[in-house]
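The values are calculated or read from the model by the stated rules, or taken from the named source; none is laboratory data. Just so it is clear, the structure is predicted and the values come from calculations on it, not from any experiment. Positions of Cβ are generated from backbone atoms using ideal geometry, with glycine treated the same way; all protein chains shown enter the neighbour counts. Accessible surface areas use protein heavy atoms only, side chains included; no ligands, DNA or RNA. Shrake-Rupley method; radii C 1.70, N 1.55, O 1.52, S 1.80 Å.
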Amino acid sequence: MGRIALNGVTKSFGVTEVIPPLDLVIEDGEFTVFVGPSGCGKSTLLRLIAGLEDTTSGRIEIDGVDATGTPPAKRGLAMVFQSYALYPHMSVRRNIAFPLRMAGLDRAEIDRRVTEAASALNLTDHLDRRPGQLSGGQRQRVAIGRAIVREPAAFLFDEPLSNLDAALRVGMRIEISELHGRLATTMIYVTHDQVEAMTMADRIVVLRAGLIEQVGSPLELYREPRNLFVAGFIGSPRMNFIDGASAREHGAATIGVRPEHIEIDPDGPWEGRIGIGEHLGSDTFLRVHDTGLADTLTVRAGGEVGLKTGARARFRPMPDKIHRFDEGGARIG
Amino acid sequence: MATKSSRSAARVMLAPAVILLLGWMLVPLTMTLFFSFKKYLPLRGDSLERGLDWVGFANYARFISSSSFWPSVQTTLVMVGCVLAVTVVLGILLALLLDQPFWGRGVVRILVIAPFFVMPTVSALVWKNMFMDPVNGLLAHLWRFFGAEPVSWLSDASLASVIMIVSWQWLPFATLILLTAIQSLDSEQLEAAEMDGAPALGRFAHIILPHLGRAITIVILIQTIFLLSIFAEIFVTTGGAFGTRTLTYLIFQRVVDSQNIGLGSAGGVYAIILANIVAIFLMRIVGKNLDR
Ligand SMILES: Nc1ncnc2c1ncn2[C@@H]1O[C@H](COP(=O)(O)OP(=O)(O)OP(=O)(O)O)[C@@H](O)[C@H]1O
Ligand SMILES: [Mg+2]
């Protein structure tokens, strides 16, 4: 079980309000990702849920029970920190066993659970090493192992992969997703990497300056971003924003078209000069200048497109993939 | 220092310091050894110009067979041990306290460190005359305020008094080192332990104390070096009476009071041996903390 509900939760450090009143329900078993730019209060929100920070006002409920004043240990949540926060003087085995020892379990039970977690996380060969003798990915797994042995109501992850290199990050991303599939425990995952958010989440919570901009499944956010901020934040490369006359033609203050929704078409309405092309093999992202629409337009073309830098070409946005926004940045329609 | 070249570079760069230190130590050490095998009583007319008589191990035999020798060794060890215990335990508590955020923390930290800057002689005199004086001392007033008979500290509880004075002097050092160590502890580790269900005492025992291991080792090793040669505090307060005569003080009495330089030098050699025994013992117990 692990349903977490926040009712009007706020947090201020002195006079600066980091989290304005915020309501959010995280359903049992859901993989929720908090995503947003640096400093928007993701970690703070997570620490509020964990109980490592006190709320300034509002209520936090875990499984329907008010947990606002409950100390962290009693909330039944486990947290994986960005720095891993392993205990450097303890072996991997003792690190993983630590929460169980603190809970006063008997030795046989502790051994059983540690062995189980270690084999699930591929750590069996490293149980007697110190954290300092492990690689980043292994440390990360120890931190996860320490979290899962407690069989918590929910897992809290604070940017757990940001210290890993790109290849390892992809691997660990899949491992965590598989872990979620296997345990079916609520997970709250903080990241500022929207690829992580899109690939892992059941539900994404987009935050800006402590405010929830939108909550929804990855595809909902991709298809129907509620405002300019979400539209610009979700999707890679970023959505193209066009304002002025071409936007007014569509009856909006700003229109947005994703790079993958613009086609090269000799009869298209837009024209521009091709700048840098980023060739990824499967795709090529072209930077298009001098369109009269925006500074640069990013356009996705096929893998081996034959357009040279400096050449001129015409483009057509897919008509049903144009997002329209009003003056305030909110979505129209 | 991982590579071969960085190791040899380190050796070259350390050489001047090592040579200087060796010279610095070797000259007095050789002189002490030299005198310890000679009869050298300046008041009876012995002097270096006239040549000193070789007496073999007579000085050593006499020093060790003196009835004050073993008690002085015992006093030394008790004093060093007690001061170490007091400063480390109180140092940890004070460091924990000073690590907490509270109003005026900066000023309090400076105040805590202040005793370290008071000269040993001065602080011993202050303690002797202002606190421990059985008639006018602050402690005597305090005792009388509660209707108790004032204690004549320096005669009735002399060893404890000296330990108190010396601990007071060394507590700032221990606190300072331990405080910096506590401040270097990653707060996420404590938070992780908190989430793992460790109560405050558990966090102290399982996270903070192991983290402090190295700092405690350093405090113990450095303090031991200085505590083995405590002198001013004893000289000013009890003058070595009432069971406060340490080995260092005994040597001082042999050389200065009895004007027997040969005998004192032999005592000095014993002091070196004692210091080495203590050092080996300490390295065995706590030194392994430094290898991490
Ligand atoms: N202890 C604190 N005291 C004062 N201000 C704080 C404190 N902790 C965080 N803040 C402020 O709260 C805001 C949100 O911080 P938070 O750590 O939650 O950001 P974040 O979204 O996790 O950012 P990042 O992606 O960089 O980790 C920041 O502006 C930060 O300066
Ligand atoms: Mg953060």
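Say whether the condition of being open to solvent by less than 20 Å² (accessible area, probe 1.4 Å), of a type in the set (A, V, I, L, M), in a helix (DSSP H, G or I) and under 25 Å from B:Ser265 (Cβ atoms) is met by at least one residue in the stretch B:93-114.
No, the conditions are met nowhere in the stretch B:93-114.
Across the stretch A:100-140, what is the number of residues that are at pLDDT below 90 and touching a Leu at 6+ places or on another chain (Cβ under 6 Å)?
Selection size over the stretch A:100-140: 2.
With the condition kept exactly as written, say whether any residue in the stretch A:154-167 is of a type in the set (Phe, Trp, Tyr) and within 16 Å of ligand 1 (Cβ to nearest atom).
Checked against the condition, which is being of a type in the set (Phe, Trp, Tyr) and within 16 Å of ligand 1 (Cβ to nearest atom), the stretch A:154-167 yields at least one hit.
Of the residues that sit in the stretch A:12-29 and are within 11 Å of ligand 1 (Cβ to nearest atom) and closer than 25 Å to A:Asn227 by Cα, which one is surrounded by the most Cβ atoms within 10 Å (Cβ to Cβ)?
Taking the stretch A:12-29 as the starting set, the residues that turn out to be within 11 Å of ligand 1 (Cβ to nearest atom) are A:12-19.
If we keep only those that are closer than 25 Å to A:Asn227 by Cα as well, we get A:17-19.
Details: A:Glu17: 15, A:Val18: 19, A:Ile19: 24.
Here the answer is A:Ile19.
Quick check on the stretch A:85-96: of everything there that is open to solvent by less than 20 Å² (accessible area, probe 1.4 Å) and within 29 Å of the chain's Cα centre (by Cα), which residue is farthest from the other protein chains (Cβ to nearest Cβ)?
Filtering first and then ranking leaves A:Val92.
Are there any pairs, at least 6 apart or on different chains, whose C-beta atoms fall under 8 Å, with the first in the stretch B:132-154 and more than 19 Å from B:Glu233 (Cβ to Cβ) and the second open to solvent by less than 70 Å² (accessible area, probe 1.4 Å) and β-branched (Val, Ile, Thr), and if so, which?
Pairs found: B:Ala140/B:Val151; B:Trp143/B:Val151.
Within the stretch B:185-203, how many residues are more than 7 Å from chain A (Cβ to nearest Cβ) and touching a residue at least 12 places away in the same chain (Cβ under 8 Å)?
So the first thing to find is which residues in the stretch B:185-203 are more than 7 Å from chain A (Cβ to nearest Cβ), and the list is B:185, B:187, B:190, B:193, B:199-201, B:203.
Applying the additional criterion that residues be touching a residue at least 12 places away in the same chain (Cβ under 8 Å) yields B:185, B:190, B:193, B:203.
Qualifying residue count for the region: 4.
Kindly check whether there is at least one residue in the stretch A:305-314 that is modelled with pLDDT under 90 and surrounded by 19 or more Cβ atoms within 10 Å (Cβ to Cβ).
Yes - at least one qualifying residue is present in the stretch A:305-314.
Report, ordered by the first and then the second residue, all pairs with beta carbons closer than 9 Å, sequence separation of six or more or different chains, a first member in the stretch A:78-90 that is within 12 Å of A:Leu156 (Cα to Cα) and assigned by TED's automatic domain parsing to the domain that holds A:Val190, and a second member that is among the hydroxyl-bearing types (Ser, Thr, Tyr) and within 14 Å of ligand 2 (Cβ to nearest atom).
Close Cβ pairs (under 9 Å, with a partner that is among the hydroxyl-bearing types (Ser, Thr, Tyr) and within 14 Å of ligand 2 (Cβ to nearest atom)) amount to A:Gln82/A:Ser43; A:Gln82/A:Ser162.
Within the stretch B:14-43, which residues are surrounded by 10 or more Cβ atoms within 10 Å (Cβ to Cβ) and either charged (D, E, K, R) or farther than 30 Å from B:Phe63 by Cβ (or both)?
Result: B:Leu14, B:Ala15, B:Val18, B:Ile19, B:Leu20, B:Lys38, B:Lys39.
Those residues that are open to solvent by 10 Å² or more (accessible area, probe 1.4 Å), touching a residue at least 60 places away in the same chain (Cβ under 8 Å) and not in a helix (DSSP H, G or I), I need them from the stretch A:137-172; list them, please.
A:Arg150, A:Pro152, A:Ala153, A:Asp158, A:Glu159, A:Ser162, A:Asn163
Looking at the stretch A:45-80, which of the residues that are of a type in the set (Ser, Thr, Tyr) and within 15 Å of A:Gly8 (Cα to Cα) is surrounded by the fewest Cβ atoms within 10 Å (Cβ to Cβ)?
The extreme case among them is A:Ser57.
Select from the stretch A:30-44 the residues that are assigned to a loop (DSSP other than H, G, I, E, B) and within 16 Å of ligand 2 (Cβ to nearest atom) and write down the one among them that is most open to solvent (accessible area, probe 1.4 Å).
A:Ser38
Based on this model, can you work out whether B:Val55 counts as open to solvent by 40 Å² or more (accessible area, probe 1.4 Å) and more than 19 Å from B:Ile230 (Cα to Cα)?
In short, yes.
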